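S.K.: I'd like to ask you about the structure that follows.
The values are calculated or read from the model by the stated rules, or taken from the named source; none is laboratory data. As the structure is a computational prediction, the values presented were derived from the model and not from experiment. Here Cβ is always computed from backbone atoms with ideal geometry, including for glycine, and neighbour counts include all displayed protein chains. Ligands, DNA and RNA are stripped out before the accessible areas are found, and what is left, the full protein with its side chains, is counted by its heavy atoms. Shrake-Rupley method; radii C 1.70, N 1.55, O 1.52, S 1.80 Å.
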Amino acid sequence: MRQRPFQQVDVFTATPYLGNPLAVVLDGEGLSTEAMQQFTNWTNLSEATFVLPPTPEGRAAGADYRVRIFCPGRELPFAGHPTLGTCHAWLATGGQPRVPGRIVQECGVGLVPLRQDGERLAFAAPPLIQSGPLAEDDVERIARGLGVARADILQHAWCDNGPRWRGVLLRSAEQVLALKPDPAVLAGLDVGVVGPRGKVGVVGASDAEGIAFEVRAFFPGNNGLAEDPVTGSLNAALAQWLIGAGLAPTRYVASQGTALGRAGRVHVEQDGEQIWIGGSSVTCLRGEVRL
């Protein structure tokens, strides 16, 4: 064991403790998979990451660093808020990208480009593995589990970009915030729920915050159903679905975490064929961990 630089970063917020926290070990060299998993479980956070030098193949392809991403119980090939939070921590400790303003992360899904948008970072949404409408049996089960009528689910789609999200669009943000999901009915499902503020797919002029959608994410965890404060992977998949279907503009802001007392803000922008998912990050803790 040795002392390793560490940060705890709050992601998708510029205000500490209102986003989604992440543990970042900035020197993961020499750590076994078992040690990484044990530390992740100990943090009691949704994810922890470990920064490593790129592989030879990754370096040749332009990677600036490599990261391994863990949640309690398993390693993830990709996740959104760990990608932004790790990049924030890497830059804050002197990381220098090969191309100013452009960073390339190597992780389980391969290379993930990031860009700096002022004080925000944004990652290129990875392609969907599975898309298209859900099976009607799934939709009816999700409606029961959310406690809404089947007719209240206006649209639905697979939003699988690694995590197997099932996305449903409800009538309003207010309906999304009022949900009280039934863990028994939704057991085993990763469900992303989105509701418009104002008109569907339009940032309404009456919305003083400029927020187009309210998002909630439910997934199996903590021996039952858990809710994620702010979810990069889900918002990346939702954006591809909603923009592609003409249900959202090519640039919008989503709110997530409201029901948990957070104030996550996810900035979505389509640039050509690529969708970028961005947000602010802030370091809340900085020090060393013994690993």
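S.K.: Please give the charge dipole size of the chain, origin at the Cα centre, charges +1 on K and R Cβ atoms and -1 on D and E Cβ atoms. Round to the nearest 20 debye.
M.R.: Values: 25 positive and 29 negative charges, 68 e Å.
Magnitude of the dipole: close to 320 debye.
S.K.: Let me ask you something else. GNM, the chain, Cα, under 10 Å: largest mean-square fluctuation among 41, 161, 235?
M.R.: Answer for the Gaussian network model of the chain: 41.
S.K.: A further question follows. State the answer as a single residue: which of 21, 61, 128 lies farthest towards the positive end of the charge dipole of the stretch 18-162, with beta carbon charges of +1 for Lys and Arg and -1 for Asp and Glu, about the Cα centre.
M.R.: 61
S.K.: How large is the helix-only mean residue ellipticity at 222 nm for the chain, computed as the sum of -39500 (n - 2.57) over DSSP H runs with n ≥ 4, divided by its residue count, in deg cm²/dmol to the nearest 500?
M.R.: Result for the chain, helices only: -6000 deg cm²/dmol.
S.K.: Compute the whole-percent fraction of alpha carbon pairs in the stretch 1-51 spaced more than 14 Å apart.
M.R.: 52 percent
S.K.: Here is a further query. Packing-wise, with mean Cβ within 10 Å as the measure, how do 131-140, 110-119 rank, highest first?
M.R.: Highest to lowest by the protection proxy: 110-119, 131-140.
S.K.: With the other protein chains left in place, how much accessible area per residue, in square angstrom, belongs to the stretch 218-291 at a 1.4 angstrom probe?
M.R.: 41 Å²
S.K.: Accessible area of the chain with a 1.4 Å probe: how many percent of it is carbon plus sulfur?
M.R.: 50 percent
S.K.: For the chain, divide the Cα radius of gyration by the Kirkwood radius and give the resulting Rg/Rh value with two decimals. Walk me through the numbers before you get to the answer.
M.R.: Details: Rg = 18.5 Å, Rh = 19.2 Å.
My calculation puts Rg/Rh at 0.96.
S.K.: For residue 251 and residue 41, what is the calculated FRET efficiency with R₀ set at 41 Å and r taken between the beta-carbons, to the nearest 0.05?
M.R.: 0.60
S.K.: Pick from 22, 238, 45: which is most flexible by mean-square fluctuation in a GNM of the chain where alpha carbon atoms under 10 Å apart are linked?
M.R.: Fluctuation is largest for 45.
S.K.: Which residue fluctuates most in the GNM of the chain (Cα springs below 10 Å): 264, 278, 210?
M.R.: 210
S.K.: Pick out, in residue order, every one of the trypsin sites (Lys or Arg not before Pro) in the stretch 154-199 that is DSSP loop and has at most 14 other C-beta atoms within 10 Å; say none if there are none.
M.R.: Passing sites in the stretch 154-199 are 199.
S.K.: Can you list residues from other chains, or at least 5 along the same chain, whose modelled amide H is less than 5 Å from the amide H of residue 289?
M.R.: 4, 6
S.K.: At what distance in angstrom do the alpha carbon centres of the stretch 234-251 and the stretch 78-142 lie from each other?
M.R.: With the stretch 234-251 and the stretch 78-142 each reduced to a Cα centre, they are spaced 15 Å.
S.K.: Let me know the shape class of the stretch 144-189, please: from the alpha-carbon gyration tensor, a ≥ b ≥ c as square roots of the eigenvalues, rounded when a/c is under 1.5, otherwise prolate if a/b is greater than b/c, or oblate.
M.R.: oblate
S.K.: Classify the stretch 1-138 from the C-alpha gyration tensor, please: rounded if a/c falls under 1.5, else prolate or oblate depending on whether a/b exceeds b/c. Working shown, then result.
M.R.: Details: a/c = 1.31, a/b = 1.13, b/c = 1.15.
Taking the square roots of the gyration eigenvalues as a ≥ b ≥ c, the stretch 1-138 is rounded.
S.K.: State whether the stretch 235-289 is rounded, prolate or oblate according to the following rule on the C-alpha gyration tensor (a ≥ b ≥ c being the square roots of its eigenvalues): a/c under 1.5 gives rounded; otherwise a/b larger than b/c gives prolate, and the remaining case gives oblate.
M.R.: The shape class here is prolate.
S.K.: Report the charge-dipole magnitude of the stretch 47-141 in Debye, nearest 20, computed about the Cα centre from +1 at each Lys and Arg Cβ and -1 at each Asp and Glu Cβ.
M.R.: 560 debye
S.K.: Where Rh denotes the Kirkwood radius from the mean inverse Cα pair distance, what is Rg over Rh for the stretch 92-168? Mind showing how you got there, number by number?
M.R.: Details: Rg = 18.3 Å, Rh = 15.4 Å.
Looking at the stretch 92-168, the ratio lands at 1.19.
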